[in-house]
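Just below is one structure, and these are the notes that go with it.
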Amino acid sequence: MNQYCIRGAVTIEENTAEEIRINTIDMLEQILKENNISVNDCVSLIFTATKDITKAYPAKFAREIGFVNCSLMCVQEMYVEDSLELCIRAMVTVNKEENDFKPKNIYLKEAKKLRPDLIK
């Protein structure tokens, strides 16, 4: 069994629980789909959120779509001047049998600016 990490990030429009919910779920569903994995492949999921996101924990919404048997953690993203605001980042650790699995990182909305090298 091999372990791999998949990164993702998304921005929200405003600091509300519903915005956090919708965008967290969208990001996670795209990570699952684009990497052809299921929640059962996931070992752990770490979220970071910028200091302006205070209305809900992203992990709460990950549980809604089945992330219940992996470890979940939410932490605050390190503050850097002039950095992207209202941003949720994720790092998913997965177990895969394949030796040639190539993780596809998912950056959505304004978070695409974080990784311009990944834009097709």
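Tell me yes or no: at least one residue of the stretch 27-47 is out of contact with any Gly (no Cβ under 8 Å at 6 or more places or on another chain), farther than 25 Å from GLN3 by Cα, among the polar types (S, T, N, Q) and surrounded by 13 or more Cβ atoms within 10 Å (Cβ to Cβ). No, the stretch 27-47 contains no residue that is out of contact with any Gly (no Cβ under 8 Å at 6 or more places or on another chain), farther than 25 Å from GLN3 by Cα, among the polar types (S, T, N, Q) and surrounded by 13 or more Cβ atoms within 10 Å (Cβ to Cβ). Filtered by the rule that a residue be outside any loop (DSSP other than H, G, I, E, B) and either under 9 Å from the mean Cα position of the chain (by Cα) or free of Cβ contacts under 8 Å to residues at least 12 places away in the same chain (or both), the stretch 27-57 gives MET27, LEU28, ILE31, LEU32, LYS33, LEU45, ILE46, PHE47, THR48.
Residues checked against (1) acidic (Asp, Glu); (2) touching an Asp or Glu at 6+ places or on another chain (Cβ under 9 Å):
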position: GLN3; (1), (2): no, no
position: GLU18; (1), (2): yes, no
position: VAL43; (1), (2): no, no
position: PHE47; (1), (2): no, no
position: ASP52; (1), (2): yes, yes
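Taking the criterion of being more than 18 Å from LYS33 (Cβ to Cβ) and of a type in the set (Phe, Trp, Tyr), would at least one residue in the stretch 98-120 satisfy it? No, the conditions are met nowhere in the stretch 98-120.
Just checking, which of ARG63, ARG89 is part of a helix (DSSP H, G or I) and under 16 Å from ARG21 (Cα atoms)? Show your work before the answer.
Details: ARG89 fails: part of a helix (DSSP H, G or I).
After applying the criteria, what remains is ARG63.
Checked against the criteria, ASN69 does not count as more than 13 Å from the chain's Cα centre (by Cα) and in a strand (DSSP E or B).
Computed from the coordinates by the stated procedures, all read-outs in this text should not be read as laboratory data. Source: prediction; values computed, not measured. Cβ: placed from backbone, ideal geometry, glycine included. Neighbour counts: every protein chain shown.
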